[in-house]
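**Q** Here it is, the structure in full.
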Amino acid sequence: MSILLVSTKGRYALRVLVDLARHQGEGRVPLKEVAERQGISEKYLENILAVLVRSDMLSGMRGKGGGYRLTRAPESYTVGEVLRLTEGTIAPVSCLENGCETCERAQGCPTHPLWMELDRRISGYLDNVTVADLCLVEGKHL
């Protein structure tokens with residue numbers, strides 16, 4: 001299935017990364033603090049953080065002094081990378097999704113070039129916006 005709508009999982013993952021980037025000087029940030037600041041249930045946030053930890057975007061530690069932190073500089077995380085991880089794809093149509101077998105109609109499809117260009121533009125934009133950029137944004141358009 002392709003997306004044009006980003007799910008809460010993708011949106012929350014970006015919000016969490018921005019939150020952690022803004023608080024990275026504090027060391028590991030407890031899940032509870034992030035959940036409170038972002039207004040996200042701890043249970044749902046735990047699932048998102050697990051995905052980010054498995055992909056090495058975050059480092060997590062349990063217990064006293066535990067919490068989460070970024071594994072890289074905020075400017076090295078792109079929105080495109082995060083959304084591909086959390087959403088599976090950012091392709092606007094299913095025939096352009098990774099792993100999708102080539103559409104038998106692609107050669108003669110009059111709309112295929114349109115979807116390819118849209119995919120290129122979406123990816124180009126999202127791959128050039130970083131978590132650091134989002135840290136700077138306070139209700140402004142990028």
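The values are calculated or read from the model by the stated rules, or taken from the named source; none is laboratory data. If you're wondering where the values come from, they're calculated on a predicted model, not measured in any experiment. With ideal geometry, Cβ positions are generated from the backbone for all residues, glycine too; neighbour counts draw on all protein chains shown. The protein model used for the area step is the full one, side chains on, heavy atoms only, and it has no ligands, DNA or RNA in it. Shrake-Rupley method; radii C 1.70, N 1.55, O 1.52, S 1.80 Å.
**Q** Considering every residue within region 12-25, establish whether at least one is surrounded by fewer than 14 Cβ atoms within 10 Å (Cβ to Cβ), among the acidic types (Asp, Glu) and modelled with pLDDT of 95 or more.
**A** no
**Q** Please count how many residues of region 47-63 are at pLDDT below 95 and closer than 15 Å to Asp19 by Cβ.
**A** 1
**Q** Oh, and also: Out of Pro92, Pro110, Pro74, which single residue is out of contact with any His (no Cβ under 9 Å at 6 or more places or on another chain), over 15 Å from Tyr12 (Cα atoms) and either open to solvent by 80 Å² or more (accessible area, probe 1.4 Å) or aliphatic (A, V, I, L, M) (or both)?
**A** Numbers: Pro92 fails: either open to solvent by 80 Å² or more (accessible area, probe 1.4 Å) or aliphatic (A, V, I, L, M) (or both); Pro74 fails: either open to solvent by 80 Å² or more (accessible area, probe 1.4 Å) or aliphatic (A, V, I, L, M) (or both).
The unique qualifying residue is Pro110.
**Q** Looking at (1) under 17 Å from the mean Cα position of the chain (by Cα); (2) open to solvent by 70 Å² or more (accessible area, probe 1.4 Å), find the lone condition where Asp127 falls short.
**A** Failed condition: (2).
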